[in-house]
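Inspection log for the structure reproduced underneath, given as structure tokens.
The values are calculated or read from the model by the stated rules, or taken from the named source; none is laboratory data. Here the structure is a predicted model, which is why all the values come from computation and not from measurement. Positions of Cβ are generated from backbone atoms using ideal geometry, with glycine treated the same way; all protein chains shown enter the neighbour counts. Heavy atoms of the whole protein, side chains included, go into the accessibility calculation; ligands, DNA and RNA do not. Shrake-Rupley method; radii C 1.70, N 1.55, O 1.52, S 1.80 Å.
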Amino acid sequence: MTAPLPSPDQIATGFQLALDAADRFVGATAPNPPVGCALLAADGTVLAVAAHEAAGQPHAEAAALAACRAAGRQGDIHTVVVTLEPCNHYGRTPPCTEAILASPAKAVWYGAGDPNPTATGGAARLAAAGLAIGPIADLAHADAAALHARAARLIAPFVTRLMRGHPWLTIKQALDADGSMIPPPGAKTFTSDASLALAHDLRRRADAVITGSGTILADAPLLTVRRVEDLSRKPRRLAILDRRGRTPAAYLDAARARGFAPSLHGDIPGLLADLAADSVLEALVECGPTLLAAFLEAGLWDEHVIIRQGADGDVVTRALA
Ligand code: AOF
Ligand code: ZN
């Protein structure tokens with residue numbers, strides 16, 4: 001008789017739970033990536049699910065192991081499923097590889113490799129210690145590629161900052177039925193409740209909002225998260241492209257009172273380098289047509305969200321670069 005093992009279906013389900021856990025902390029973890037982890041028993045029972053909640057807090061694996069210990073189920077751990085390759089270094093927290101090796105785990109499935117050169121090597125370390133370890137893309141399951149894709153998307157902003165030295169850039173553009181970005185007279189916005197909720201969700205996950213002095217002079221936008229619940233205690237940068245120092249001091253003071261750390265910048269490259277140096281993983285570009293075109297034409301975007309007003313409601317398109 002062969003020893004029981006979690007089935008591919010059970011591993012896929014555990015991985016989905018780990019992805020869902022990580023999703024809840026997207027926007028809260030900078031400069032670290034959001035990561036989720038599930039621990040399975042040999043019969044596939046889910047023993048614990050946890051996420052990395054903020055930099056300096058336990059990594060997802062450590063949090064899941066602690067939850068399992070607290071539930072008195074540590075001895076039953078067989079398989080670790082985690083959305084990112086376990087780290088192999090002492091950073092703000094100890095290496096997850098050692099925490100896994102101190103548990104009875106025999107197998108590890110991970111989503112994406114860790115691109116951080118100081119933390120990488122976890123898969124090799126665990127394999128050398130005799131654990132069965134593999135990327136989720138190799139799971140014999142119809143959803144394997146989709147699970148890998150979700151894990152890769154989770155760490156994409158982290159990879160962008162690390163490899164390109166600037167934040168992941170989401171450009172938000174609202175167009176009326178004529179393709180114009182200007183709302184009708186007297187209205188600040190012309191989009192539906194659902195698209196407004198989407199716009200505020202994009203703000204919620206952003207570590208910085210980028211706008212221009214022209215937009216501020218025209219609209220004095222609040223740029224706050226209102227339609228969805230914000231992440232608690234989240235510092236958020238407000239980076240303003242302002243070559244001529246036109247932004248009114250009163251606007252900057254009011255932005256500070258709304259919880260922003262505002263800064264003025266003379267050019268886009270300097271602005272992006274400054275945000276990346278300040279741990280910004282994701283920035284949301286919310287500005288008028290001229291600045292927006294400058295970002296698009298320079299290829300400085302990772303996701304382009306267009307909310308287009310239509311006769312039967314708004315149509316949202318999201319393009320990845
Ligand atoms: C994991 N699990 O949940 C996360 C990982 O300073 P530290 O100790 O928090 O380490 C941060 C690095 O660890 C980060 O740059 C990334 O490479 C990795 N993140 N790794 O095993 C996690 N958040
Ligand atoms: Zn770790």
- [ ] May I ask you to list pairs of residues, at least six apart or on different chains, whose Cβ atoms are under 9 Å apart, with the first in the range 240-253 being more than 22 Å from ALA283 (Cβ to Cβ) and the second being part of a loop (DSSP other than H, G, I, E, B) and of a type in the set (A, V, I, L, M, F, W, C)?
- [x] PRO248/ALA220
Open item on the list: What's the number of the only condition in (1) more than 14 Å from ligand 1 (Cβ to nearest atom); (2) closer than 15 Å to GLY14 by Cβ that PRO104 fails to meet?
Closed with: (2)
- [ ] Scan the range 283-315 residue by residue and report those that are open to solvent by less than 60 Å² (accessible area, probe 1.4 Å) and of a type in the set (Val, Ile, Thr).
- [x] VAL285, VAL305, ILE306, ILE307
- [ ] Take THR247 and decide whether it is under 12 Å from THR211 (Cα atoms) and open to solvent by 30 Å² or more (accessible area, probe 1.4 Å).
- [x] no
TODO: Please enumerate the residues belonging to the range 38-65 that are in a loop (DSSP other than H, G, I, E, B), touching a strand residue (DSSP E or B) at 6+ places or on another chain (Cβ under 9 Å), open to solvent by 30 Å² or more (accessible area, probe 1.4 Å) and within 15 Å of ligand 2 (Cβ to nearest atom).
DONE: PRO58, HIS59
Open item on the list: Of all residues being open to solvent by less than 10 Å² (accessible area, probe 1.4 Å) and either at pLDDT below 95 or aliphatic (A, V, I, L, M) (or both) in the range 71-94, which is farthest from ligand 1 (Cβ to nearest atom)? Just the residue, please.
Closed with: ILE77
Open item on the list: When you scan the range 175-191, do you find a residue that is part of a helix (DSSP H, G or I) and either without any contact (Cβ under 8 Å) to a residue 60 or more places away in the chain or out of contact with any strand residue (DSSP E or B) (no Cβ under 7 Å at 6 or more places or on another chain) (or both), even just one?
Closed with: no
- [ ] Of the numbered conditions (1) exposed (fewer than 15 other Cβ atoms within 10 Å of the Cβ); (2) closer than 21 Å to LEU202 by Cα; (3) in contact with a strand residue (DSSP E or B) (Cβ under 9 Å, 6 or more places away or on another chain), ASP267 fails exactly one; give the number of that condition.
- [x] (2)
Open item on the list: Return the residues of the range 11-37 that are more than 16 Å from ligand 2 (Cβ to nearest atom), surrounded by 20 or more Cβ atoms within 10 Å (Cβ to Cβ) and assigned to a helix (DSSP H, G or I); say none if nothing qualifies.
Closed with: ILE11, ALA12, GLY14, PHE15, LEU19
Open item on the list: Go through the range 270-281 and report how many residues are farther than 13 Å from ASP207 by Cβ and buried (at least 17 other Cβ atoms within 10 Å of the Cβ).
Closed with: 1
Task: Sole exception among (1) within 13 Å of ligand 2 (Cβ to nearest atom); (2) touching a His at 6+ places or on another chain (Cβ under 7 Å) for VAL82, by number - done: (2)
- [ ] Select, from ALA51, ALA128, ALA70, ALA64, the only residue that is in contact with a Phe, Trp or Tyr (Cβ under 6 Å, 6 or more places away or on another chain) and of a type in the set (A, V, I, L, M).
- [x] ALA51
- [ ] May I ask you to verify whether PRO117 is within 11 Å of ligand 1 (Cβ to nearest atom), in a loop (DSSP other than H, G, I, E, B), open to solvent by less than 10 Å² (accessible area, probe 1.4 Å) and not hydrophobic (A, V, I, L, M, F, W, C)?
- [x] no
Task: Evaluation of ARG233 against (1) in contact (Cβ under 8 Å) with a residue 24 or more places away in the chain; (2) on the phi > 0 side of the Ramachandran plot (one fails), failing number - done: (1)
- [ ] Name, by its number, the condition in (1) closer than 22 Å to TRP168 by Cα; (2) away from ligand 2 (no atom under 14 Å from the Cβ); (3) touching a Ser or Thr at 6+ places or on another chain (Cβ under 9 Å) that does not hold for GLY111.
- [x] (2)
